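Engineer: Sharing a structure below in structure tokens format, with a few things to ask.
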Amino acid sequence: MKPKHFPQSARHILRCIPCCIPCRLPMPLAVCSLLCSLALLAASCSDLTDDDGTTLPPGKYPMTFTAQVDGLTQTRAATTDGQWSSGDAVAVQVQQQQPGGTPEVKQYTPTGSGNSGVTLQAASGVTPFYWQTSGETKSVSAWYLGDGSAATGQSHATAVPVSWAVQSDQNASSGTGYQRSDFLYAPPTDISFKPSGGADNSLTFYHQTARVVINIVNAEAATNASAIQSVVIGDASNLALSGSYTAPTGEGATAGTWIPATSGSDMGTITPKKLTAPGTLTGGGAALASYAALVIPQQMKDKKFIAVTLTDGSSGSNTYYYTPTQDSDADLQSGKQHTYDITVKHGYLSVTSSASPQWTGSGETINGTEKSNNP
């Protein structure tokens, strides 16, 4: 621990006690020592400073964060452009600097809308976190939940969720279920009042669900988008819609750990959101139609994973299934986008799959795979 430096007034008191008082009123050494101790206590309760920082006026320097979107496909926000909205509720947790300090969580919200230069500050009626010294460093983490449950008074306002569920219908009401399924987490990061040169002093959010993108290729049996009756993920309740969750720990970890549900009402299927514009196929060119869904991370090998139903030109329809056979084909992982380019043949599906940590290629004008908050 660095030595404390006393203000001029305290040093003056310490000089006066031994030289002035004894010459006017002799006293036992114990009493003199007591007065010296009281003088030290008075000084410690006033304006002491550390070598590495100056004490800041109480309540003058609130902690705020500048939010920006980093240009890769995003899900969140009330609109489809992936920008922060002024009503978004973000839970921010600060671990106090003192050893054993209790973490505290408060609601922050953007002061405006946009994908860059938007400031996150304490929500209306919430006392912000304050910096106390100019040399201070705090450990900060945060989370955003698409259903609004990170807001003050809601179920996940004070702690990171230990379980999460995605919506079964992610296409209705212009994709409201898709947005409500979003779960972003910013792992603990050391944030300093005065960051050292070259230090990364940002707070970055990462997706905790997996994202599935389905591109229907314009070929073979599917050449008319209006003939696509439905696209469904899962079949006969073989898909977990919820799971238990543990936040990431350890240096550089950004994805949490999931245990997907295995039975009951937590199982089902997902109707993905139909994207407003067809996405780009892995080999280039535009898809006939594209769909996207947020999914609990899980393994779908040897299960009916994707169902595509086409009208047959009369009053009937035909449904085709994709059942992955390799471990890597449908091992849906936290934070990754899994893309499936599907050609509907006359009688079966031909599928090309790929996985990427970047959430791109959806055909949406949604920007940002992660959100960075810079104090």
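The values are calculated or read from the model by the stated rules, or taken from the named source; none is laboratory data. Just so you know, these numbers come straight off a predicted model, no measurement behind them. Don't worry about glycine lacking a Cβ; one is built from the backbone with ideal geometry, like all the others, and counts go over all protein chains shown.
Engineer: Can you name the strands (runs of 3 or more DSSP E) wholly within segment 276-343 that have at least 1 residues being within 25 Å of the chain's Cα centre (by Cα)?
Structural biologist: Because the criterion is at least 1 residues that are within 25 Å of the chain's Cα centre (by Cα), the strands (runs of 3 or more DSSP E) in segment 276-343 that meet it are 289-295.
Engineer: Pick from segment 238-255 the residues that are polar (S, T, N, Q) and modelled with pLDDT of 95 or more: which of them is farthest from V166 (Cα to Cα)?
Structural biologist: T246
Engineer: For segment 232-267, which residues satisfy the criterion of being surrounded by fewer than 18 Cβ atoms within 10 Å (Cβ to Cβ), small (G, A, S) and not in a loop (DSSP other than H, G, I, E, B)?
Structural biologist: Scanning segment 232-267 gives S244, G264, S265.
Engineer: Could you grab me the full set of residues in segment 286-316 that are small (G, A, S), over 30 Å from I259 (Cβ atoms) and modelled with pLDDT of 95 or more?
Structural biologist: Residues satisfying the conditions are A286, A287, A289, S290.
Here's the yes/no breakdown for (1) within 16 Å of E136 (Cα to Cα); (2) under 19 Å from the mean Cα position of the chain (by Cα); (3) modelled with pLDDT of 60 or more:
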| position | (1), (2), (3) |
| --- | --- |
| D52 | yes, no, no |
| P57 | yes, no, yes |
| M63 | yes, yes, yes |
| Q74 | no, yes, no |
| D81 | no, yes, no |
| S85 | no, yes, yes |
| D88 | no, yes, yes |
| E104 | no, yes, yes |
| S116 | no, yes, yes |
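Engineer: Could you identify the single residue in S141, S168, S181 that is touching a Leu at 6+ places or on another chain (Cβ under 9 Å) and at pLDDT below 95?
Structural biologist: The unique qualifying residue is S141.
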